[in-house]
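Notes for the one structure printed next.
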Amino acid sequence: MIPASDIKKFITTKLHEKAALLGEPQPDVTHDYDIMASGLLDSMEFLVMISEIEDKYFVEVNFSEADPESMSTVEGFLGSMKPIKAS
C-alpha cells in the first residue's frame, strides 16, 4: 500500500522549503496542484524529489505507464507510484 498522505506531506514540505528560499508565498498544495507548473522545482529537482520519495517510502514511479502531463500534479504523481515488492 502506498502511504499517499505521508508522500503528499513530504511533497508539501519540499515545496514550502523551496518557496521560503525563493521568498515566495507558501503554496496551497492540493490534489490538483501542478508541481512543475508552479515553477518552484526545475526538472532536475523534481527528479531528485522522486528519488528521495522512492528511497524513503519504498515505492517506485512507473514511468512506462504514467501520463507525463498528469504526473506533474500531486494526484497524478501519487497515482504513478507502486510499492516495491520485497525479494
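Nothing in this text is a laboratory measurement; each read-out follows from the coordinates by a stated rule. Please read these numbers as outputs of a predicted model, since none were measured by experiment. With ideal geometry, Cβ positions are generated from the backbone for all residues, glycine too; neighbour counts draw on all protein chains shown.
In table form, for the structure just shown:
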quantity	calculated
Degrees, to the nearest 10: 43-57 long Cα axis against longest axis of the chain	50 degrees
Principal-axis tilt of helix 4-22 within the chain, Cα atoms, nearest 10 degrees	30 degrees
Pairwise FRET efficiency - GLU60 versus THR30, Cβ, R0 = 30 Å, nearest 0.05	0.80
Efficiency of FRET between GLU52 and LYS85 - r from beta-carbon atoms, R0 30 angstrom, step 0.05	0.90
At 1.306 mPa s and 10 °C, Stokes diffusion of the chain via Kirkwood alpha-carbon radius, µm² per second	120 µm²/s
